[in-house]
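The values are calculated or read from the model by the stated rules, or taken from the named source; none is laboratory data. Owing to the predicted nature of the structure, the values given are computational and were not obtained by experimental measurement. Here Cβ is always computed from backbone atoms with ideal geometry, including for glycine, and neighbour counts include all displayed protein chains. With ligands, DNA and RNA removed, areas are computed over all heavy atoms of the protein, side chains included. Shrake-Rupley method; radii C 1.70, N 1.55, O 1.52, S 1.80 Å.
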Amino acid sequence: MSGIHNACRLGSLLIVGSLNAVGEGPQVIEAGPLTMEVHISPTANVFHIVDQLAAWSPFCHQQYLDYFNTLSDEDRALLREHAQVREVRSWGEGLEQTFYTDLPLEEALQAGIASSNLTREQAEIERRVLSHFGERALALMKQEEPTLTRFVGVLHKEQPKIAELSSKAARFCGAKDLRVPVYLIANPDAHSMGGGYNGGRLTLEIPRETEAINTFLHEVMHAFTHEQMALLDEAARTCPGLDAETLNEGIAYALSPGLLNNQPPGEDPLAKKVASDIAEKKPLDEPYTRSNRFGLALRPLLKAALDDENATLTTFLPRAVDAWRVMVELSKSLPGEGAQTKWIGKKSSSRALFVLSPEGTDVFQSLRPKWKENMWGRPHTKEMYDELFELHAKPGDFLVLCFVLDLPERIPAAFEDLLPSPWPRIEAQLKKGESVLLRGVARDLKVILLAVPTSADLPKLVDQLGTSIDGN
């Protein structure tokens, strides 16, 4: 195993080498249908540590702030700048694709700009922020080098276990082969760990003393289910209050720590955590509470599905949705929780795209491939608008309003302030045979209005909206 090979002018973070398990490239490990490309990269580590320090999401991990506990005013100001970039580019929207790489920082920034994963202005911010923290982040990486290289050996040792799960997950999700870049991250805590699968990259923070293999398998499951997010979206749409992200997390938590964990026989860390959350009266709108509780509800269903060669994600999801409904109803009986049991998407870590369109149109499905995060579609009824604003919408989310002149659905009167232009003006254009595409901001949402004279005009306008949903 090689060590850290880097020459770094820390003031500008000019990294010209990389830390990898063998030589200068990733170590490739075959595990059934899963191929892992294992990287230990200075650029990835510096970015990840800074990203966690910025605490821009409820899913950022506290141990990094605890470790770097003497942040200056300048440090905090720069972290706020990074968080502002994250407001525009959330999970999987370009930063992961740019910085989880073996490239030196400057080359990574230029590649990010070239692939439109960063604007030049965002790249300049990231250059300053990452360079500022580079020396401290690389010192942590150097300190944890033995832990990181040891875990590469764990992946080799556990290859049969990984292959067994990957084979089941691939069959369950309808996948054939999956190649996943894996980035191992220095972790200042001996026991806490965390991981993620965003932008097609799997990241794992490796603790010194607690084994991380089952957390790794949690993220592997995310990698497989990510290929079927359209199915998860479709299932979630059948149940008010549910979304694809919650389904995805519930499945992964059911696997680990539900079915796979590092505890002695007879110990049940998932059930223990759920019991603790209930005792502390934590509501379902808290992300980890929701994931753990739904994971516990799904655990027996997932075990049966993974063990059944005929079971698939398609046959599993209706049962998962029913499990969610049962869990929510039971939660109403818990002390202090009756008023909290509606899942509140307002606290989701990702931006959401909401689509309200006439029954029978396929606007939602047409836009689905163009949006990487949470997406929710419903017809134009007052009940659906009420649910949207009561349970789901948060500042910065996107709302697509679609209307067809020859179909009866219209916006409820109580929500006409969402329209970027008064309806009589829009209607007059439609009656002239003109299609209308407008943008606006209302109730802290970014509103996009699509209106067409006839249903036959709709596909062209939806295609015109295309990949510019976010206005970039």
The chain: calculated mean residue ellipticity at 222 nm from DSSP helix runs of at least 4, using -39500 (n - 2.57): -14000 deg cm²/dmol
Computed log₁₀ I(q)/I(0) - Debye formula, equal Cα scatterers, no solvent, region 219-345, q 0.13, 0.18, 0.21 Å⁻¹: -0.50, -0.96, -1.27
Residues of the chain: accessible area per residue with a 1.4 Å probe, Å²: 42 Å²
Rounded to whole Hz, the Karplus (6.51, -1.76, 1.60) HN-Hα couplings of region 445-460, x for glycine and proline: 10, 8, 9, 10, 9, 10, 9, 9, x, 9, 4, 5, 7, 5, x, 5
Rounded to the nearest 10 Å², the accessible area of ARG179 at probe 1.4 Å: 130 Å²
Pair SER421, ALA456: separation of 7 Å Cα→Cβ label points (nm): 2.3 nm
Whole-Hz couplings from phi, Karplus 6.51/-1.76/1.60, listed for region 294-306; x for Gly and Pro: 5, x, 5, 5, 8, 3, x, 5, 5, 4, 4, 5, 5
Long-range tail of P(r) for the chain (Cα pairs > 39 Å, %): 27 percent
Region 47-185 - Rg and Dmax from Cα coordinates, angstrom: 17.4, 51
Accessible-area composition of the chain, carbon plus sulfur, in percent [1.4 Å probe]: 52 percent
Size of region 113-207 as Cα extents on the principal axes (Å, biggest first): 44, 35, 19
For LEU399, distant residues with modelled amide H under 5 Å away: PHE354, LYS446, VAL447, ILE448
Amide H contacts of GLY194 (H built 1.01 Å from N, under 5 Å, at least 5 apart or other chain): GLU205
Helix 105-114 axis, angle to the chain major axis (alpha carbon atoms, nearest 10°): 20 degrees
